[in-house]
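A short worksheet on the structure shown next.
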Amino acid sequence: MRGRTIQFAVLVAVLVAVIGSFVMLSGLDAVAPLGVQGTVQVSGSMPSVPSSSTIVGIERTAGDTGADIVKLVEDIKDPGGARSVYVAVGDRSGEPARWLADGYPGFTRSMNTTVLPFGRLSGQDPRGSYYVYGDPAATRAFAERFHADGYDVDVKTDYTASYAQWLSNQPLGVSFAVTVLLCAMLAGMFALMNVKGYAVQRLQGNSDWSVIARDARANIRQALASTLAVLLGFMGFLALYNHASHMGAALALAAGVFAVFLMVIVVAYLIGFAVASRSSMLAALKGRLPARLASGLVYCVRVPAVILAVWAVIYAGMAAGQALDQAEAQQAWATAGRASAIRLNPRLSQDEQDRYSAATGQWLISQERQGRMILAEEGYTLEQLSAFANQTGSSADGTSSLSGDVLMVNSNYLHAQTVQDASGQRITRVPDHGVLVVIPASKQDQREKIENIVRAFIGSQSQMHGVATPRITVLTGKPGQSLFGYGQQNMPNQKTLFHDAVLVGVDSDTGVLSPDDYTAYASGGNAMLTDPDQALVSLREAGLQPFIYAVSSVSAKAAADFAKLQANLRTHLMNVLVAIAILIASAIAAAQTHVRSGAQRIFARYVHGWSFPATHRLAITVETVLALTPILYSAYLVIQSGLRAGTPTGSQSVADIYLLGGWQPAFIAAVTIVNMLIYLLATARYERALAANHSREE
């Protein structure tokens, strides 16, 4: 049974390695083609050099350097699910050259990739993302070619930091941390549980290295068999999933991850072996461990186990809350129809962005007046409007205490979504040249304050843009009414349904919002087009295609995001289960080590009638500190968040999503207190067993 402990650690390591390899390559393949040696980001002002000349120059550079370069262009209608890659061949035997003949061998099935010759880019804007295959040094040559033509260039050949940042934001990042700790604990426990066996080996005159070699021989066959079985299963899965595309890269990545886990297992085993070997012969034959070394080793796992369990619970709580928010909004998404968000090109120069921003805003205003643009801006809160009113000196007393969401909409939103007043009558339009404010029934006690801060905001906007302040109509909303916000394209996991939110209706005829405001709203996916096909034709006619590079369905993206969120939630819940299992195991191991290492002292106190708290005072103190520290720190964060929310300097920070609506301390307390109780119960059990057996192990 003890031998299976380290064999299980190896099995867990290889399973996580192959799963991690698959998830990482799938995620990376959805972002860019695999196998990249360098990246060239081209931006800046459009120079006087013709686009065709730049494209020919890049093809010539590819031939001179013997490296291939690929430009990635996202599909204008489905930027998250389809793309085109344009290949300039410098190495006829290279992988990109084969793509032109056989197509791109995608690793993930969620992305459709079309391969085209590089010459097809002639006449198009050269700015964008380019990926180099072959010698990484060739990346500089391509960058110099673009720079010589007058473009701004950003080069990257080392992706370590990018990969680490990406992984840290994925559920897999938590999984890796959990698995590392699990493998370390299993390997260390294997050595500590064999303390009697090691003592017998020492009595027989065997050296430490011969004992280690014996352990290796006893476990290597089973470990190799399980590793081989998992690898064969992984290869078979890839053959069925994507016809074994990029299998070499997948196996190499899995091998690298497995090597890291294996190193952790070996180091943890050697540390455990060193601790077990430090026991005196008599104590080791009785199964006792050196008190300080053993306790130190256990708490080297126990403290990270507490941190990791708290981390896993917080992330799982976030994912669960986001999944519940999105599940609640699924019925509302059915009303979104063909509403589509636009994506703006970030690689233009600042002057071009300013010019296109104003033109795009004017175009969005024209689309609104034709009934083809829905505004649903989710970026405002009552806290922000209150802070704005305070800054302009227009605030009434007590407005700093206001909190809640604000949804800014236009008449087209009211046509598409059902919004009712207190009598149940549907509100279908914003008054001509006016502003509509709908205050929920639950906030009627704050009605005057809300009216004041909205008037202050509208008045300031009117003054800024040199227009007359529009008349403001205030209505009471239907009790219990929810407003559908169409989601934020840049933050897909944020809530979509707003309960008890204040609605502010503004049409472009008031002049309160500038063209730049509309462009800013559109950049977050909050100014949507009802007819994407017509919009594509219209934006080309308006000359906006260099700035607006995609028009994509918000409901299709929301469905894909919801599916991904559900998958992430399952991963997070598994992380929580494993992290809590590690925490429980570490609690039991700590209790066992504590009783074993202080057996004589504990037995003497027991027979002299000492109470349990008095007998284990130091251990209980350490466990109490370990439990209270994360609880108190979390409570401090919640209090600080509440103080920030109540100040006129702004609303809650982005980090507040980790506070789980203020319930973070409760979740952490549940984990840490249960962990402490398990430790105390295990200690009491081992103490009773010790007394029953007169300080000897059964």
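For segment 595-635, the set of residues classified as under 29 Å from A666 (Cα atoms) and touching a His at 6+ places or on another chain (Cβ under 8 Å) consists of H616, A619, listed by residue number.
The strands (runs of 3 or more DSSP E) found wholly in segment 489-571 and carrying at least 2 residues that are more than 23 Å from S462 (Cα to Cα) and at pLDDT 85 or above occupy 497-499, 527-529. Evaluated against (1) surrounded by fewer than 19 Cβ atoms within 10 Å (Cβ to Cβ); (2) closer than 30 Å to L529 by Cα; (3) among the acidic types (D, E), D29 falls short on exactly one condition, (1). All told, I602 falls short of being under 21 Å from M185 (Cα atoms) and touching a residue at least 24 places away in the same chain (Cβ under 8 Å). Answer yes if at least one residue in segment 503-510 is in the same structural domain as L385 (by TED's automatic domain parsing) and surrounded by fewer than 21 Cβ atoms within 10 Å (Cβ to Cβ), and no otherwise. The answer is yes, given that some residue of segment 503-510 is in the same structural domain as L385 (by TED's automatic domain parsing) and surrounded by fewer than 21 Cβ atoms within 10 Å (Cβ to Cβ).
Residues checked against (1) buried (at least 20 other Cβ atoms within 10 Å of the Cβ); (2) polar (S, T, N, Q); (3) not assigned by TED's automatic domain parsing to the domain that holds Q367:
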{"residue": "V537", "(1), (2), (3)": "no, no, no"}
{"residue": "S555", "(1), (2), (3)": "no, yes, yes"}
{"residue": "A563", "(1), (2), (3)": "no, no, yes"}
{"residue": "N568", "(1), (2), (3)": "yes, yes, yes"}
{"residue": "L583", "(1), (2), (3)": "yes, no, yes"}
{"residue": "A587", "(1), (2), (3)": "yes, no, yes"}
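Flag: Q362 does not match the condition of being assigned by TED's automatic domain parsing to the domain that holds Y521, among the polar types (S, T, N, Q) and touching a strand residue (DSSP E or B) at 6+ places or on another chain (Cβ under 6 Å). Candidates F273, F258: the one that is more than 36 Å from the chain's Cα centre (by Cα) and either surrounded by 19 or more Cβ atoms within 10 Å (Cβ to Cβ) or modelled with pLDDT of 90 or more (or both) is F273. More than 29 Å from G256 (Cβ to Cβ), in contact with a strand residue (DSSP E or B) (Cβ under 8 Å, 6 or more places away or on another chain) and assigned to a strand (DSSP E or B): is that true of V132 in this structure? No.
Filtered by the rule that a residue be assigned to a strand (DSSP E or B) and surrounded by 24 or more Cβ atoms within 10 Å (Cβ to Cβ), segment 370-387 gives M373, I374, L375, A376, E377, E378. Give the residue that is nearest to A239 (Cα to Cα), with candidates limited to residues of segment 114-126 that are surrounded by 15 or more Cβ atoms within 10 Å (Cβ to Cβ) and at pLDDT 90 or above. Selected residue: V115. Can you work out which of the residues in segment 63-104 that are acidic (D, E) and within 35 Å of the chain's Cα centre (by Cα) is nearest to S555 (Cα to Cα)? Filtering first and then ranking leaves D78.
Listed here are the residues, each with its yes/no results for (1) modelled with pLDDT under 80; (2) basic (K, R); (3) under 28 Å from the mean Cα position of the chain (by Cα).
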| residue | (1), (2), (3) |
| --- | --- |
| A619 | no, no, no |
| L637 | yes, no, yes |
| G650 | yes, no, yes |
| I657 | yes, no, yes |
| G661 | yes, no, yes |
| A670 | no, no, yes |
| A684 | no, no, no |
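Would you mind stating whether S226 is under 17 Å from L262 (Cβ atoms), of a type in the set (S, T, Y) and out of contact with any Gly (no Cβ under 6 Å at 6 or more places or on another chain)? It is true that S226 is under 17 Å from L262 (Cβ atoms), of a type in the set (S, T, Y) and out of contact with any Gly (no Cβ under 6 Å at 6 or more places or on another chain).
Taken across segment 597-615, residues that are in a helix (DSSP H, G or I), modelled with pLDDT of 75 or more and hydroxyl-bearing (S, T, Y) do occur, with at least one present. Of D208, D158, all but one fail to be under 30 Å from the mean Cα position of the chain (by Cα), exposed (fewer than 15 other Cβ atoms within 10 Å of the Cβ) and among the charged types (D, E, K, R); the exception is D158.
Taken over segment 325-365, residues that are surrounded by fewer than 18 Cβ atoms within 10 Å (Cβ to Cβ) and either part of a loop (DSSP other than H, G, I, E, B) or β-branched (V, I, T) (or both) amount to 6. Applying the set (1) in a loop (DSSP other than H, G, I, E, B); (2) over 15 Å from E368 (Cβ atoms) to Q463 leaves exactly one unmet item: (1). Just one residue in the set L483, L475 is touching a strand residue (DSSP E or B) at 6+ places or on another chain (Cβ under 6 Å), part of a strand (DSSP E or B) and either surrounded by fewer than 22 Cβ atoms within 10 Å (Cβ to Cβ) or not assigned by TED's automatic domain parsing to the domain that holds Q420 (or both); that residue is L475. Kindly establish whether V56 is touching a Leu at 6+ places or on another chain (Cβ under 7 Å), assigned by TED's automatic domain parsing to the domain that holds R140 and among the aliphatic types (A, V, I, L, M). So V56 fails the test. Restricted to helices (runs of 4 or more DSSP H) entirely inside segment 154-251, those with at least 2 residues that are touching a residue at least 24 places away in the same chain (Cβ under 8 Å) and of a type in the set (A, V, I, L, M) are 171-193, 195-203, 208-242. Can you work out which of the residues in segment 82-113 that are without any contact (Cβ under 8 Å) to a residue 12 or more places away in the chain and among the basic types (K, R) is surrounded by the most Cβ atoms within 10 Å (Cβ to Cβ)? Among those that are without any contact (Cβ under 8 Å) to a residue 12 or more places away in the chain and among the basic types (K, R), it is R98.
For segment 32-59, a tally of residues being in a loop (DSSP other than H, G, I, E, B) and either surrounded by 18 or more Cβ atoms within 10 Å (Cβ to Cβ) or more than 19 Å from the chain's Cα centre (by Cα) (or both) returns 11. Selection of segment 686-698 for residues being at pLDDT 80 or above and charged (D, E, K, R) yields E687, R688. If we scan segment 431-442, do we find a residue that is in a strand (DSSP E or B), small (G, A, S), modelled with pLDDT under 95 and crowded, with 23+ Cβ neighbours inside 10 Å? Checked segment 431-442: no residue is in a strand (DSSP E or B), small (G, A, S), modelled with pLDDT under 95 and crowded, with 23+ Cβ neighbours inside 10 Å.
The values are calculated or read from the model by the stated rules, or taken from the named source; none is laboratory data. Just so it is clear, the model here is predicted, and its values are computed rather than measured. Glycine gets a Cβ as well: all are built from the backbone with ideal geometry, and neighbour counts include every protein chain shown.
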